[in-house]
Each structure stands twice: as structure tokens, then as C-alpha cells.
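Written out below as C-alpha cells is the structure these notes cover.
The values are calculated or read from the model by the stated rules, or taken from the named source; none is laboratory data. These figures come from a predicted structure and were not determined experimentally. Glycine also receives a Cβ, built like all others from the backbone with ideal geometry; neighbour counts cover every protein chain displayed. For accessibility, only protein heavy atoms count, side chains too; no ligands or nucleic acids. Shrake-Rupley method; radii C 1.70, N 1.55, O 1.52, S 1.80 Å.
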Amino acid sequence: MKRVSAFIVLLLITVATMKPVKGFSCVEAKLSLLTCLPFLTSSQNSPSSACCNAVSNVRASAPTKPELREACQCLTAAVGEFPNLDKDRAIQLPKLCNVDVGFPLTKDIDCNT
């Protein structure tokens with residue numbers, strides 16, 4: 001849990017020092033998806049509405065093919081950063097939130113295809 005807290009603090013500091021830009025932001029995507037951690041770590045039975053809103057917003061932030069590829073690379077890497085993450089729940093998350101993200105949330109995908 002200390003590792004997750006340190007990661008959150010680091011992300012917050014990074015976002016606070018960033019200039020706003022249009023398009024997909026990996027850091028912003030990861031921060032917004034922190035609301036999904038209770039579901040992804042099996043402490044909640046279903047994703048919260050805040051989590052599903054975050055999934056939807058992340059997808060909306062990557063409308064072009066290059067941005068979608070960047071989102072894929074970012075989020076599949078993020079899946080591997082959390083050792084307590086339930087991989088099956090990560091794969092199920094977009095469907096449970098009724099959002100087509102365009103790729104499965106698993107670290108075993110080639111985002112270039």
C-alpha cells in the first residue's frame with residue numbers, strides 16, 4: 001500500500017507541474033483511473049460510476065489512431081505496474097462500463113497492431 005501511495009503522490013506532483021495540452025495524456029489517464037483501483041484489486045464487486053466515467057473520459061481523450069495507440073501503450077504498461085491488480089477484472093472493466101476502449105486492458109497486447 002505504501003508503494004501505491006508513493007506512486008499517487010508522484011503522479012500528482014507530475015500533473016501539477018505539467019502545462020495543459022490537447023490530446024491524450026498518460027499521466028492524466030492513470031490519475032483518473034485510480035478511482036478504479038478498488039474494483040481492480042477486488043475490494044469492490046463492481047466498478048463505481050466514477051471509475052466508469054474515468055474509463056469513458058480516457059477513451060474520449062484518445063480519438064485518433066496515434067492517440068489510441070499511445071493510450072494502449074500507457075494503460076497496458078500501467079496494468080503491469082500494480083502487482084495486486086486482478087488481470088481478469090482489468091480486461092472486463094471496459095465492458096462493465098459499457099465503453100469500447102479499442103483494446104483489451106492487458107499487458108500482453110501489441111499496441112502497434
Leading residue by the ranking (most open to solvent (accessible area, probe 1.4 Å)) among those in the range 51-84 that are within 15 Å of K95 (Cα to Cα) and among the small types (G, A, S): S56
Conditions (1) surrounded by 13 or more Cβ atoms within 10 Å (Cβ to Cβ); (2) modelled with pLDDT of 90 or more: number failed by K95: (1)
Contacts under 8 angstrom Cβ, first residue in the range 65-82 being within 14 Å of V101 (Cα to Cα), partner open to solvent by less than 10 Å² (accessible area, probe 1.4 Å), 6 or more apart: L68/A62; E70/A62; A71/A29; A71/A62; C74/A29; L75/A29
Qualifying residue in the range 58-78 (condition: farther than 20 Å from C111 by Cβ and out of contact with any strand residue (DSSP E or B) (no Cβ under 6 Å at 6 or more places or on another chain)): no
